[in-house]
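Heads up, the thing below is written out as structure tokens.
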Amino acid sequence: MSKDQATSARRRWYRGATALAIAGAMGIATGLSTTNAMAQGKTLKIGVIYDLTGPFAAGGSRAGYLGTKYAIDMINERGGVEGYKIVPVYADAQSKTEVAINEAERLLNQEKVDMLMGVFSSAHCVPMAQKVDQAKRFMWANVCVASAVFKDKNLKYVFRPQVHSDQFGQASCTFLKEQAKARFNKDVKDLRVAIIYEDGPYGAGVASGNESQCKADGMNVVLKEGYAATAPDLSPLVTKLKRARPDAILHTGYNPDITLFLRQAKDQGLKWGALIGHGAGYGQFDKLYETFKDDANLIFNVDPVAAQLLNPASLAKGLGDVTNEMVKRYKAEVKADEVPPHLSMGFNQSWIFFTDVLPRAIKKHGGIDAEALRKASLETDIPTGGTIQGYGVKFFPPGHQMAGQNERSSPVVMQYNARDTFIVWPAAIKTKDAVLPLPKGHGYSNQ
């Protein structure tokens with residue numbers, strides 16, 4: 001190598017080394033800048049899963065999604081939680097279990113969310129909860145109610161403030177027991193009850209609770225039968241009900257199947273004294289009224305209460321204002337006067353997490369990882385009246401048969417009439433006496 005070539009090589013090396021040094025310095029500076037930016041703008045990334053399309057959307061899932069969305073929006077408008085902004089990543093389960101599971105895995109593994117929230121269908125919730133728990137990731141269930149999500153599973157990282165299906169079944173039977181003599185003029189043992197249900201985890205769970213409680217109360221269960229929620233024809237079931245002659249029908253279904261049942265019952269002349277639904281499609285009364293008009297009046301529905309039906313004076317200070325803002329946003333977006341209970345479910349469970357669990361996880365347990373959120377959840381102790389739906393929150397501990405389920409949750413029995421909704425049970429918070437059996441002149445009355 002000549003002297004000139006050596007000098008040229010040294011110059012190239014020097015320029016390259018200098019460039020690397022500058023790039024390295026810039027990289028360090030950029031890294032520090034990014035770190036500072038992250039420290040100044042911390043986020044909690046939440047995968048929110050609901051059925052935004054398919055039959056479950058109109059059965060209550062979209063309302064649950066809107067409730068969750070409003071809670072997130074309102075929390076962020078208040079400045080987030082302990083310096084964290086809530087960043088939702090919404091996913092549509094399309095009313096299909098396999099899609100729900102795939103979306104959960106995508107959110108956790110590709111979107112890298114910190115936790116999952118939402119879930120309407122119990123058929124989605126049961127397998128999803130087990131998969132999330134096995135992966136030691138955190139899930140907060142807002143709407144699904146099947147007791148099978150938790151019963152004998154000993155889940156560690158899944159929590160649900162919502163009521164569970166055993167409570168649904170118990171509520172409707174207890175209500176009937178209290179009304180048997182006064183309204184049906186029958187001894188409890190002579191009250192004829194039929195139990196019909198969609199045969200997924202949700203319907204089967206509620207029906208099981210119906211059967212055990214009604215039989216324990218001494219009622220005459222004249223029929224118990226399930227069907228596929230996607231069944232195209234329920235006329236054989238209607239025929240069996242006509243033969244059984246029930247005073248009261250306890251029904252758990254979604255939306256298309258409820259509409260199909262009511263239409264075929266009318267066509268075949270099936271009559272009853274009381275029809276008691278259990279959430280899902282029965283929580284969307286505006287949909288039923290659009291189709292059946294006054295024939296839909298006086299249907300009962302067992303559900304966690306729609307928050308706007310409660311007296312704000314019975315709740316913790318400020319919760320009435322929170323409910324009013326939730327309702328205001330819903331009516332502005334949906335342009336409807338009827339506000340379904342699923343809106344309150346989606347909102348309430350989210351609000352509990354953001355205002356009680358998350359602040360404690362950050363301040364006391366060091367952050368937002370699954371372990372911190374688990375510990376903070378187990379320490380939740382909200383008394384009755386401390387949520388917009390009235391019930392308190394305390395989770396069954398590890399080792400309990402229902403570990404992760406809220407032991408203070410409770411549903412109510414509501415009745416629809418003239419496009420209004422009234423609480424008719426329990427007596428302590430009822431806003432109107434129940435109308436039963438159906439009066440003469442009603443399209444389904446057996447009087």
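Worth pointing out:
- Rg over Rh for segment 263-351 works out to 1.05, both radii taken from alpha-carbon positions and Rh defined as the Kirkwood radius.
- Ranking PHE422, PRO236, GLY385 by how far each Cα lies toward the positive end of the dipole of the chain (charges on Cβ) leaves GLY385 at the top.
- Assuming charge only on the beta carbon of Lys and Arg (+1) and of Asp and Glu (-1), the dipole of segment 147-216 about its Cα centre is about 200 debye to the nearest 20.
- Protection proxy ranking of 258-265, 270-277 - average other beta-carbon atoms within 10 Å, highest first: 270-277, 258-265
- Carbon plus sulfur fraction of accessible area for the chain, probe 1.4 Å, in percent: 50 percent
- Counting charges near HIS365 (Lys, Arg +1; Asp, Glu -1) among other residues having Cβ under 11 Å from its Cβ returns a value of +2.
- Rg over Rh for the chain works out to 1.14, using Cα positions for both radii and the Kirkwood form for Rh.
- Helix-only CD estimate at 222 nm, as mean residue ellipticity for the chain, using -39500 (n - 2.57) per DSSP H run (n ≥ 4): -13500 deg cm²/dmol
- Under the criterion of Cα pairs below 8 Å and six or more residues apart, the relative contact order for segment 120-235 equals 25 percent.
- Tensor-based shape of segment 155-242 (alpha-carbon gyration tensor, a/c under 1.5 rounded, otherwise prolate or oblate): oblate
- Residue order for ARG245, ARG360 - accessible surface, 1.4 angstrom probe, largest first: ARG245, ARG360
- Segment 65-140: C-alpha pair distances exceeding 19 Å, %: 39 percent
- Take segment 354-447 with all the other protein chains still there, run a 1.4 Å probe, and you get 42 Å² of accessible area per residue.
- A convex hull fitted around the alpha carbon atoms of segment 52-94 yields 56 Å³ per residue.
- Simple rule: put +1 on each Lys or Arg Cβ and -1 on each Asp or Glu Cβ in the chain, find the dipole, and look at PRO88, MET128, ASN109; the Cα lying farthest toward the positive end is ASN109.
- Highest-fluctuation residue, ARG106, ARG243, ARG408 considered, GNM on the chain with Cα pairs under 10 Å: ARG243
- Kirkwood-Stokes translational diffusion coefficient of segment 402-447, alpha-carbon pairs, 25 °C, 0.890 mPa s, µm²/s: 190 µm²/s
- The chain - charge dipole about Cα centre, Lys and Arg +1 at Cβ, Asp and Glu -1, debye rounded to 20: 980 debye
- Accessible area per residue for segment 54-158, computed on protein heavy atoms with a 1.4 Å probe, is 37 Å².
- Segment 144-293 - Rg over Rh from alpha carbon coordinates, Kirkwood radius: 0.98
- Convex hull per residue volume in Å³, alpha carbons only, for segment 334-447: 161 Å³
- Cα pair distances exceeding 16 angstrom across segment 124-179, given as percent: 45 percent
- At a probe radius of 1.4 angstrom, the accessible area of segment 183-292 per residue rounds to 36 square angstrom.
- Segment 249-408, relative contact order in percent, only Cα pairs under 8 angstrom and at least six apart counted: 17 percent
The values are calculated or read from the model by the stated rules, or taken from the named source; none is laboratory data. Because the structure is predicted, anything quoted here is derived from the model rather than measured. FYI the Cβ positions are ideal-geometry reconstructions off the backbone, even for glycines, and counts take in every protein chain you see. Note: areas computed on protein heavy atoms with side chains; ligands, DNA, RNA excluded. Shrake-Rupley method; radii C 1.70, N 1.55, O 1.52, S 1.80 Å.
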